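Report on the following structure.
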């Protein structure tokens, strides 16, 4: 008799993959609007699935927070690849940084959920940091090679500066802070131009 542990694992079914994606999209929207305390039932309802389906994919609230967090980081990483292949170097860098700001700007309550997901989890911080720095590094290297930006600013410094702007303005609670940060990112990218 073959034991379960020896059976080859099956590929997830298409409906299972679809449900997982629906749950991640719904969680992003629900947590953004209602914060980390928003109910998992609301997430399941928004995704159009039962609560049992949610728990099959994400057995705990933390597991759902972490999955949303990883997905957001992956989407920004993928965007960097797409922009590098389709957009002039300086514009690619500007658009990616604006997307990074947009991610944080639309989070509201999601930021608290993301902080909970990463709290005390060095591997999750390392994962997101590595992915974000690799994405930024690709765009910075490409812009440098094209002579579009100055050579004395590293990708890490650029990313820290932009995330610092986001964090400072987000915490201030100033109405319309998102527009201010978007404008400051444009100023920052203008200041990165070669010869600036």
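Just so it is clear, none of the values below were taken in a lab; they were calculated from the coordinates. Keep in mind that what you see is a predicted model, and the values were worked out from it rather than measured. Note: ideal-geometry Cβ built from the backbone for every residue, glycine included; neighbour counts use all protein chains shown.
Things worth noting here:
- Computed lengthening from residue 51 to residue 75, 0.36 nm per intervening residue step minus Cα-Cα distance: 6.0 nm
- Relative to the globular-protein estimate of 2.2 N^0.38 Å, the Cα radius of gyration of the stretch 12-59 stands at 1.05.
- Ranked for footprinting exposure by Cβ neighbours inside 10 Å, fewest first, 192, 132 give 132, 192.
- Pair residue 172, residue 129: separation of 7 Å Cα→Cβ label points (nm): 2.7 nm
- For the pair residue 99 and residue 187, the difference between a 0.36 nm per residue extended length and the Cα-Cα distance amounts to 30.1 nm.
- Seen from every direction in turn and averaged, the convex hull around the alpha carbons of the stretch 70-196 projects onto 7.6 nm².
- In terms of packing, defined here as the mean over residues of other Cβ atoms within 10 angstrom, the peptides 166-178, 75-87, 134-146 line up highest first as 134-146, 75-87, 166-178.
- Straightening the chain between residue 82 and residue 153 buys 23.3 nm, computed as 0.36 nm per residue apart minus the Cα-Cα spacing.
- The value obtained for the stretch 17-89, namely the Cα convex hull volume divided by the number of residues, is 99 Å³ per residue.
- FRET efficiency for the residue 161 to residue 141 pair, using the beta carbon distance and R₀ = 25 Å, is estimated at 0.90.
- By the count of neighbouring beta-carbon atoms within 10 Å, fewest first, 31, 188, 58 end up ordered 188, 58, 31.
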